[in-house]
Amino acid sequence: MKKQKIPYSIPYIDDREIGEVVKVLKGKWITTGSEVKKFERLVKKHLGVGTAVAVSSGTAALEISLAVQGVGEGDEVLTTAYTFASTALAIIHRGAMPVFADIEADTFNIDPGKIEEKIGQEYELTAAGLQSKKTKRFLRGILPVHFGGQPAEMRTIREIAGRYGLFIVEDAAHAIGAVHRGEKIGKSPHPVCFSFYSNKNMTTGEGGMIVMDSDCREWEKKLRMYSMHGLSKDAVERYKTGLPFYDIVYPGFKANLTDIQAALGVVQVKKLPVIDRLRNRVAAWYDEFLAGVDDITTPVIRAYNHSARHLYPVLLNPKLKGCRDEVIIELRKKGICPSVHFIPVHFHSFFKTFFKEEIRLPVTEDLFSREISLPIYPGLNRSDVKYAADTLKGIIDLKGKK
Ligand SMILES: Cc1ncc(COP(=O)(O)O)c(C=O)c1O
């Protein structure tokens, strides 16, 4: 295989991050402490929100948010199968059941019309809530994912959730910096979960954060305790003040972020405006170089959305459907490393046996069979993007003529 000319993703890290991490390593405190607090303060300021709790991953952010919402056995949570498996696994780890609504064909996001349809056809409103006619479990909440950095239709989703008394937890793993109808993703009265995994728009290596636009100290306290075993006092409080005793108040997780990771985050969050501009510039170049190519559909961003451009997902024309994997192999041979987002959750072997009935999601399945995620990261320059776009066009041309 040729040396990769254009890898899938490269983090946007320089000596500033290295300096901050070294400072923490040279200090006396490397686990959760003042650096995490500083990181949370900066994210709150950046998003203009009241609550931010740093955790060890985006997955942990989802698990903790669902735990604090009280999700448990006998519950169902409506989400999308066009996501990374951890969205659905977080629900399953609560003893609850994910149920899927299909997605919009242009944005890849959960389709509010399909949510309505599912609720209308499969649930009935009882005194105890929306009960599934089939499983007798109760639908408790909606977990939308902002696919690729483009916000889901939150206004409508909020309206549906309000009408049926459902909670919302947002999977915003891709969406730090995204804006929906003038509001930054994160500025919500319910938990919004970010991921800072290594390929995300901003990274702490591994990491995540739960944010809410609320000053509800009870919520914040609970989220924080859940991230640290359910402990009544964190390590700083235990060692710096009074007696070292503590109590376990909740059945929590071990999911705290360390000061070493937070030191990375402190610099990354300050770079977010630049990262966002550079990613959007790369996307605009792809749009330009792929314009007018009949066999490819480039991403559609709705006029009232600003996308964080975590992904640049292109769709092959249905007539090239069977060629997707070959196109990926050809791109790799030319030194370009694309990816696929996402293998639908119900396609994985665990879920095939976990769900007792066959799941059919026609839009999800169709888009997956035709999707290729092109490399997108701040360090890509115009000629890299032109090379990737031209190479893709060349490969598609040949396939189209066969
Ligand atoms: C949509 C989505 N949700 C959740 C996650 C989980 O984030 P993390 O890897 O930080 O646990 C990811 C990670 O790639 C993701 O893409």
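From the C-alpha gyration tensor of region 272-401, pull out the three semi-axes of the equivalent ellipsoid (sqrt of 5λ each), sorted largest to smallest, in whole Å.
On the way: eigenvalues 141, 77, 38 Å².
Equivalent ellipsoid semi-axes, largest first: 27, 20, 14 Å.
Its residue count N fixes a reference of 2.2 N^0.38 Å for the chain, and the Cα radius of gyration divided by that reference is 1.01.
Counted over region 83-123 with a bin width of 5 Å, the fraction of Cα pairs per bin, in whole percents, is 6, 22, 21, 22, 21, 7, 1. Paramagnetic label reach from residue 10 (point 7 Å along Cα→Cβ; backbone nitrogen cut-off under 18 Å): within region 364-387, residues 374-387. Here the Kirkwood formula, the inverse mean of 1/r across different C-alpha pairs, assigns region 1-98 a hydrodynamic radius of 17.0 Å. Taking only alpha carbon atoms, region 232-328 gives an Rg to Rh ratio of 1.26, where Rh is the Kirkwood radius. Legend: ranking of residues 164, 123 from fewest to most surrounding C-beta atoms inside 10 Å; resulting order 164, 123.
Based on C-alpha pairs under 8 angstrom that are at least 6 apart in sequence, the chain has a relative contact order of 24 percent. Build a GNM of the chain with springs between Cα atoms under 10 Å apart, and of 107, 156, 80 the one that fluctuates most is 156.
Quick one: which of 65-73, 201-209 comes out on top by average Cβ neighbours within 10 Å, and what's the full order, highest first? Present the calculation step by step, with values, prior to reporting the outcome.
On the way: 65-73: 18.9, 201-209: 24.9.
The peptides rank, most packed first, as 201-209, 65-73.
Just to confirm a number: summing +1 for Lys and Arg and -1 for Asp and Glu over residues other than residue 321 whose beta-carbon lies under 12 angstrom from that of residue 321, what do you get? Kindly include the intermediate steps, with their values, before the conclusion.
On the way: positive: 319, 324, 370, 399; negative: 295, 325, 326, 365, 366, 371.
Result for the neighbourhood of residue 321: -2.
Summarising the amide proton neighbourhood of residue 51: residues at separation of 5 or more, or on other chains, whose placed amide H is nearer than 5 Å comprise 212, 214. Working from label points 7 Å from Cα in the Cα-to-Cβ sense, the residue 218 to residue 250 distance is 1.3 nm.
Paramagnetic label reach from residue 333 (point 7 Å along Cα→Cβ; backbone nitrogen cut-off under 15 Å): within region 364-392, residues 391-392. Whole-Hz Karplus values for region 319-329 come out as 5, 9, 3, x, 9, 3, 5, 5, 4, 4, 5 Hz, taken residue by residue from phi with 6.51 cos²θ - 1.76 cosθ + 1.60 and θ = phi - 60°; glycine and proline positions read x.
Fully extending the segment from residue 381 to residue 232 would add 48.7 nm, taking 0.36 nm per residue of separation and subtracting the current Cα-Cα distance.
A short reminder: the numbers here are calculations on the coordinates, not readings from a lab. Since this is a predicted model, take the numbers as computed values, not measurements. Methodologically, a virtual Cβ is constructed for each residue, glycine included, from the backbone with ideal geometry; neighbour enumeration extends over all protein chains shown.
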